[in-house]
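Step one of this worksheet: look at the structure below.
Each reported figure results from applying straightforward, stated rules to the coordinates on display, with no laboratory input. Computed from a predicted model, the values in this text were never measured in an experiment. Note that each Cβ is placed from the backbone with ideal geometry, even for glycine, and that neighbours are counted across all protein chains shown.
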Amino acid sequence: MGMVHQRRKWYQIQWFADEDTKEDRRLILKLDLLIVPYAFLAYWAKYIDQSNINNAYVSGLSDDLGFYGNELVHLQTIYTVGAVIGQIPFAYLFTRFPMFWLIPFLDIMWGVFTLLQYRVTSYSELMAYRFMVGAWYRGDEIARRGGCFYVGLTLGTLTASLIQAGTSARLHNVHGLAGWRWMYIICAIITIPIGILGYFILPGTPDRPNKLVLSAEDVQRSQARLARHGHDTQNNNSNKTSKAQVVTTLFHVLRNWRFWALLLLNIFFWNGSVNTSMGGYLLWLKSLGRFETSRLNELGAVSPALGIFYTLFVCFASDLVLGPAWAITMAHVWNIIGLVVLVVWDVPEAALWFAFLTTYSAVAMSSVLYGWVNTLLRYSAVERSVTLVAINLIAQSTTAWTPLLVFKTVEAPRFLKGYSFVLANAICLIALAHGIRYWTRADSREAEGLREERDGEDVETGVRVVVGKE
């Protein structure tokens, strides 16, 4: 008879596993204090630097550089192109160099290229810097950071608005620089020290630990804990993997229906939330023509501020009450309500305010989705890794061209095609999430039935043996 697990109440939040010893919990807490704050700060700075192009655009950049066509959507797209292409070499580098060296280096270079954007004098120069900035972060980082880290996305977008509001009000024309140029300087001043800090606090990985913060006992205990749960803590095999093993792994991944379902789910997610980075809310505020630049950017912080609440609420609801499929549903039903209003558009202004304030519910379930991928593929670390990288690379690459078709800057702030496209993806996301939930439950029931049938045969065989002896 299998072990019966008592179902926990929704309010019984457990930080450690029951089998963790006192020493294990001390180690886990130490790792949490080293990794979580740095990852949050890095993610926060990343989204300040990524989203500030929208704030700069409505704060004078478009006028100073003569942007009157689709330059904004082109700049947003070239970042995505850099991000997608950059995943290829850095996926290789992450297996060859210690994490506590490579990640801070990427963060510092991110800050350098952000700084260089302050002095741009032309569209082509800004495009080049946006491409290089996009190349410094891997698409599968989000999957390993969780809901706490993902708050950095909305907080970073919020902070970019507040920084631009401050620079427009207080630094415009100081030393002959426009307020939007000062924003890039301040963003770099924030980002570069965070990268330097990483050299001193990131613990690295069990096979390449940072000995400044982890003792030999910490490393041994970490390796032992991971080994008990079936994790390979050594990177020695990375160079010895045969071509046959690679082909076999890819074959198993590609013939698994879960890979294709999760890939499509992720494509719907990326395109069902692409409007969060298109600057539609800021462009609409500017089109009203009644806000000073600083006030416009202050108001631009309201929507991502609500996104912080959406993210925490959805993530906790998923873990404690709803589960992944229903948490995705809750987040995107709220998103769909706002999108329907934006598609209709000819509504009272108050309704448009409401619609734009629902925008960041679209990304609130990101860590839920990637946590679900980890759970569904927990039986194979290799297949899980390949799937996470592949679905992010392919899904993100689709957003390199879809905005060019449906979010043309000249159509702002209406974006009828854009909001209709996002609405369709959000609906498909919900439908597919419940389809995956149904199919995985059917697989589980089938596997459980086979296991019970096999156990029954074992019991029957045992009875026959006993009778024969009598």
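Summary table
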read-out	value
Residue (of Thr398, Leu388, Ala317) at the positive-pole extreme of region 242-463, dipole from beta-carbon charges	Thr398
Extension gain (nm, one decimal) between Arg378 and Arg414, 0.36 nm per residue minus Cα-Cα	8.6 nm
Filtered chymotrypsin sites (Phe, Trp or Tyr not before Pro), region 298-349: DSSP coil and at most 11 other beta carbons within 10 Å	none
Electrostatic dipole magnitude of region 310-435 [Cβ: Lys, Arg +1; Asp, Glu -1; Cα centre; debye, to 20]	220 debye
Signed unit charges on C-beta, dipole axis of region 242-463, positive-most listed residue Leu288, Tyr419, Trp345	Leu288
Three principal axis lengths of region 31-82 [C-alpha, angstrom, descending]	49, 23, 10
Trypsin sites (Lys or Arg not before Pro) lying in DSSP loop within region 264-344, provided at most 10 other Cβ fall within 10 Å	Arg290
